[in-house]
Amino acid sequence: MSAAEAGQGGGLDRARAAIAAILEMEAGPEALNAFRSVADPEALTIQNPDGPLAGVPLALKDNLATLDLDTTCGSKVLEGYRSPFEATVVQRAVAAGAVVVGKTNMDEFAMGSSTENSAYGPTLNPHDRTRVPGGSSGGSAAAVAAGLVPMALGSDTGGSVRQPAGLCGVVGIKPTYGRVSRYGLVAYASSLDQVGTFGRTVEDAALLLQVISGHDDRDATSARREVPDLVAASGRGAGGLVVGLPQEYVSHHLDEEMRESINAAVAVLEDAGAEVRPVSLPHAKHAIACYYVIAPAEASSNLSRYDGVRYGVRQAEPDLVSMYEATRSHGLGPEVKLRIMLGTYVLSAGYYDEYYGTAQRARRLITEDFGRVYASGVDVLLTPTTPNPAFELGERTSDPLEMYLSDVFTVPANIAGIPGVSVPIGRVRGLPVGAQILAPWWQEEPMLAAAGALEAAYGSEIA
């Protein structure tokens, strides 16, 4: 039974029960720190009792603007900030009957791979509370993995939906860039950011994606594309699909047991009627370097607005420049400051073409690699979602490069703007791991069909 079917006819009872479970969990010794704020159970309403998500409890990453809950982006600089407008994806989910039960913890301004960079403390992995849930949408992934909500929204700039989905054993979808409106999503890197969905099952994540997809006049990057029946696609099966296995993704970077898990997933898809063939994406090795030039460059521009003048906290100082400096020094965390400085540097006179221009040229080559492989007759690509299972809290905080490599398999999809999904494929050393399926632009249907076939073989991490 899907989350939507389970929610039908229950009115607000299910949402209120979810809030009670969240409050109990977060107040107890097993607290995950997955939520930043929780809705008032007495103020809940169902906007559409007959909608496809009627009565379904929904959690939102705390960088999606809402009217009734604070939008902090995991940062002190926006502590207590209440948006005067609501994100399009939130409006569409609520219009379909969903009930927002809370906002989830995240890496500050979505900058991180472990949800350890939140100003409000790290989120813990519900499968092992000594380990990270992944990031930056770790709060949403942990909330679904812990069974607190059946569905959640996150954002994916370099893998921030798929990576925590893989480490928490849930389904996470990043759609084609432009499939979903970014209006009301607080910007990190605008050419890479995309709202994505979490679900207990492929069907649930696909249903939520279908509800929030479609053109939005308020977002210039929103495409005028018809939204296909993504739910039907998730149950179609893998028969007849041609699946490419990028050889660069199963290189020496991959944990040996992860490689065995991917080989087992290959066998599952072949048993389901798919043809699996090796392919090459020769420029994928440059994706991390490319990303960590482009994303900080865009962030340095987007985050300049947090100056204490228009919204958020303000440090009292005798003059304007001192107020800017004090507000940003106090309000922004170390990872955010690091990326702003890096982005400002690569955009500076004398370095713009050497770094930013080179990264954009690499981006074109990475994108062309995907286009060439898909044009050869490949329907989807199969890769690991992450190089390893969830790592321990604090294990990589002192080594930024090792932390950044957590996204080595997810970043290329954001660089190229293609859709991707992470689906659980069992466990490695007792921890859940995921396989990533990548599809051509606007072809979420075969991607979800392959994901559904894997899920049918492996089942869900959540009973």
Given the residues Thr386, Thr367, which is the only one that is hydroxyl-bearing (Ser, Thr, Tyr), closer than 25 Å to Leu245 by Cβ, modelled with pLDDT of 95 or more and crowded, with 24+ Cβ neighbours inside 10 Å? Thr386
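Please indicate, with yes or no, whether at least one residue in the stretch 401-415 is touching a residue at least 40 places away in the same chain (Cβ under 8 Å) and under 18 Å from Asp379 (Cβ atoms).
Residues of the stretch 401-415 touching a residue at least 40 places away in the same chain (Cβ under 8 Å): 403-415.
Those still in the list that are under 18 Å from Asp379 (Cβ atoms) too: 412-413.
Looking for residues that are touching a residue at least 40 places away in the same chain (Cβ under 8 Å) and under 18 Å from Asp379 (Cβ atoms), one finds at least one in the stretch 401-415, hence yes.
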Between residues in the stretch 155-171 that are in a loop (DSSP other than H, G, I, E, B) and residues that are of a type in the set (Asp, Glu) and crowded, with 24+ Cβ neighbours inside 10 Å, which pairs lie under 7 Å by C-beta distance while being six or more apart or on different chains? Thr157/Asp193; Gly158/Asp407; Gly159/Asp407
Can you confirm whether the stretch 281-302 contains a residue that is over 27 Å from Leu401 (Cβ atoms), out of contact with any Ser or Thr (no Cβ under 9 Å at 6 or more places or on another chain) and touching a residue at least 40 places away in the same chain (Cβ under 8 Å)? no
Of all the residues that make up the stretch 360-392, how many are among the basic types (Lys, Arg) and touching a residue at least 60 places away in the same chain (Cβ under 8 Å)? 1
Taking the stretch 339-361 on its own, how many of its residues are surrounded by fewer than 18 Cβ atoms within 10 Å (Cβ to Cβ) and more than 17 Å from Arg305 (Cα to Cα)? 13
From the option list Thr123, Thr130, single residue qualifying as hydroxyl-bearing (Ser, Thr, Tyr) and closer than 26 Å to Ala17 by Cα is Thr123
Which one is surrounded by the fewest Cβ atoms within 10 Å (Cβ to Cβ) among residues in the stretch 291-323 that are part of a helix (DSSP H, G or I) and more than 31 Å from the chain's Cα centre (by Cα)? Val321
Filter the stretch 407-438 for residues that are within 24 Å of Val373 (Cβ to Cβ) and not hydrophobic (A, V, I, L, M, F, W, C) and give the result. Asp407, Thr410, Pro412, Asn414, Gly417, Pro419, Gly420, Ser422, Gly434, Gln436
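To keep it simple, each residue is scored yes or no on (1) over 19 Å from Gly196 (Cβ atoms); (2) outside any loop (DSSP other than H, G, I, E, B); (3) polar (S, T, N, Q); (4) open to solvent by 10 Å² or more (accessible area, probe 1.4 Å).
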| position | (1), (2), (3), (4) |
| --- | --- |
| Asn48 | yes, no, yes, yes |
| Leu69 | yes, no, no, yes |
| Phe85 | yes, no, no, yes |
| Arg92 | no, yes, no, yes |
Residues that are polar (S, T, N, Q), touching a residue at least 40 places away in the same chain (Cβ under 8 Å) and assigned to a loop (DSSP other than H, G, I, E, B): does the stretch 439-446 have at least one? yes
Can Leu401 be described as hydrophobic (A, V, I, L, M, F, W, C), surrounded by fewer than 18 Cβ atoms within 10 Å (Cβ to Cβ), assigned to a helix (DSSP H, G or I) and at pLDDT below 95? yes
Inside the stretch 426-445, can you point out the residues that are closer than 27 Å to Arg129 by Cα and open to solvent by 10 Å² or more (accessible area, probe 1.4 Å)? Gly426, Arg427, Arg429, Gly430, Leu431
Could you list all residues from the stretch 55-97 that are in contact with a strand residue (DSSP E or B) (Cβ under 9 Å, 6 or more places away or on another chain), more than 27 Å from Tyr311 (Cβ to Cβ) and small (Gly, Ala, Ser)? Gly55
Is it the case that Tyr458 is of a type in the set (Phe, Trp, Tyr) and in contact (Cβ under 8 Å) with a residue 24 or more places away in the chain? yes
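Go through the stretch 161-205 and give me each residue that's over 14 Å from the mean Cα position of the chain (by Cα) and of a type in the set (Ser, Thr, Tyr).
Scanning the stretch 161-205 gives Ser181, Tyr183, Ser190, Ser191, Thr201.
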Have a look at Arg363, Arg372 and point out the one that is among the basic types (Lys, Arg) and in contact with a helix residue (DSSP H, G or I) (Cβ under 7 Å, 6 or more places away or on another chain). Arg363
Exactly one of Val211, Val242, Val227 is of a type outside the set (Gly, Ala, Ser), buried (at least 19 other Cβ atoms within 10 Å of the Cβ) and modelled with pLDDT of 95 or more, and that residue is Val211
Only one residue in Tyr183, Tyr120, Tyr177 is in contact with a Lys or Arg (Cβ under 7 Å, 6 or more places away or on another chain) and farther than 19 Å from Gly74 by Cβ. Which one? Tyr183
Test of understanding: among Ser222, Ser213, which residue is among the polar types (S, T, N, Q) and closer than 19 Å to Ala152 by Cβ? Ser213
Is it true that some residue in the stretch 260-276 is free of Cβ contacts under 8 Å to residues at least 40 places away in the same chain and buried (at least 18 other Cβ atoms within 10 Å of the Cβ)? no
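The values are calculated or read from the model by the stated rules, or taken from the named source; none is laboratory data. None of these values were measured; they are calculated from a predicted model. No Cβ is skipped: glycine too gets one built from the backbone with ideal geometry, and neighbour counts run over all protein chains shown. SASA here: full protein model, heavy atoms, side chains in, ligands and nucleic acids out. Shrake-Rupley method; radii C 1.70, N 1.55, O 1.52, S 1.80 Å.
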